[in-house]
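First the structure, in the form of structure tokens, and then the observations on it.
All of the numbers you see were taken from the coordinates with simple rules; none came from a lab. Since the model is a prediction, treat every value here as computed from it, not as a measurement. Using ideal geometry, Cβ is built from the backbone for each residue, glycine included, and neighbour counts are taken over all protein chains shown.
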Amino acid sequence: MFRYETHMHTAEGSACASATGWEQAKRYKESGYDGIFVTDHFFNGNCAVRHFRDWEDRVAQFCLGYEHAKEEGDRIGLKVFFGFEYSYNGADLLTYGLSKQWLLDNPDVLDISVYEFCDRVHRDGGYIVHAHPFREANYLQEIRLLPMWTDAVEVHNCGNSDQAMNDRALWYSEQYGLPVSAGTDNHHLSVKKLSGVITEEPIEKPEDYFEAVKNRRVTLIIPE
Ligand SMILES: [Zn+2]
Ligand SMILES: [Zn+2]
């Protein structure tokens, strides 16, 4: 059995996070995880990157949290994968399977619609999990569902303040036949309850994660 975090933030990339990429990698290794997906808030979300010279500099700063986690992960034996959390006025889309180079090659990514974004992600081999679709919080104005544009639903998120928000996400996934995943949405080292997924085969590359989710071969980690 192999254990992975699918939704976490770093202080380098997310304005609301306090743990660095190095610290997050270390803590997940110590918590018995085999790998993590770094999913910092993208430029259209609560991103830490506010001052930059140009697109290249903006992307370079954004990827620092992932790079620091990767550096530590390589040292201690933890797989670290790149992702990001794209925001569309209340819909947060965990985007996997792309890279820093993809961001550099798509400097218009903030100018295209969310639909074009989803199309482009899929065209280029990426995968989109709708994070906490039914979360209610003071920074969210609307519940926006995009079942035709996303690949899977995060049906457990430790950042949801009420279990009903997770229950509704599960209901939504069942209504549309969408595969499910789970994540902590971890921002801080102080977080005690960790979520994620357990797989029978190791995840060596992001595609292994998509395949496991699609084929419903993941066990969701639901902390007490
Ligand atoms: Zn955040
Ligand atoms: Zn998040």
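Please compute the alpha carbon radius of gyration of the range 66-224, then divide it by the globular-protein estimate 2.2 N^0.38 Å. Two decimals is fine.
Numbers: Rg = 15.5 Å, N = 159, 2.2 N^0.38 = 15.1 Å.
For the range 66-224, the normalised Cα radius of gyration is 1.03.
Over the chain, dividing the summed -39,500 (n - 2.57) contributions of all DSSP H runs of at least 4 residues by the number of residues returns a 222 nm mean residue ellipticity of -9000 deg cm²/dmol.
Summing +1 for each Lys or Arg and -1 for each Asp or Glu, what net charge is found among the other residues whose Cβ lies under 15 Å from the Cβ of residue 167? Cβ neighbours under 15 Å give a net charge of -2.
Kindly state, to the nearest 0.05, the FRET efficiency for residue 108 paired with residue 162, given R0 = 25 Å and r defined as their beta-carbon distance. All intermediate terms of the calculation are to be shown ahead of the outcome.
Values: r = 38 Å, r/R0 = 1.51.
The value I calculate is 0.10.
Taking the centroid of alpha carbons for each part, the range 123-192 and the range 36-62 are 22 Å apart.
Averaging sequence separations of C-alpha pairs under 8 Å and six or more residues apart, then dividing by the length of the chain, give the relative contact order as a whole percent. The partial results should precede the final answer.
On the way: 500 pairs, mean separation 48.4, N = 224.
Computed value for the chain: 22 percent relative contact order.
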